[in-house]
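Throughout, read-outs are computed from the coordinates displayed, never taken from laboratory work. Remember, it's a predicted structure, so these values are computed and weren't measured experimentally.
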Amino acid sequence: MKTMWAPWRMEYILSEKQDACVFCEALSENDDLTLYAGNATMVMMNKYPYINGHLLVAPVKHLSGLDQLEKHEMGELLATVEKSVGILKQVMNPDGFNVGLNLGKVAGAGVEEHLHFHIVPRWFGDTNALTVFADVRVIPEHLKTTYDNLKPQFDTLNLNTKN
Ligand SMILES: [Zn+2]
């Protein structure tokens, strides 16, 4: 991915790393970033997005490797990625997506102990458009608006696999 100018990332880089896992914490309390919480998978807004609509899809289980997932969890994880891409398409109409896993700190994983997919919607010319969002203070509002737009769609999801 090209380097995009995302100044609010500094807030993340400079903020003290917490001991608690953001995914497990989000599941245990009713936060305003979690879009979906199923039996095996969850979807969260990235609090420090590279771009508006940047989502994180994770297994509910706190684990770091794909090889630690049960087969049905693997299937549900991919299904959750697919549904999330579908909802972003419907609500935000992007031109494309970057979808990926960062495994290990060296690969850029911010939270390496809890496996998660990144879904980053992309629009033609978005590297230029990002300068519009340069003011750090406006980001929470973007997050909230995006959350409110996406939440009703995720509320209709039911991916829980029977096993
Ligand atoms: Zn965790």
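Could you tell me which of the pairs K71/K151; K61/K151; K47/K151; K71/K144 are separated by over 26 angstrom between their Cα atoms in the structure shown?
K71/K151; K71/K144, as the Cα separations exceed 26 Å there.
In whole Å and largest first, what semi-axes does the C-alpha gyration tensor of the range 49-108 yield when each eigenvalue is scaled by 5 and square-rooted?
For the range 49-108, the semi-axes come out at 23, 16, 8 Å.
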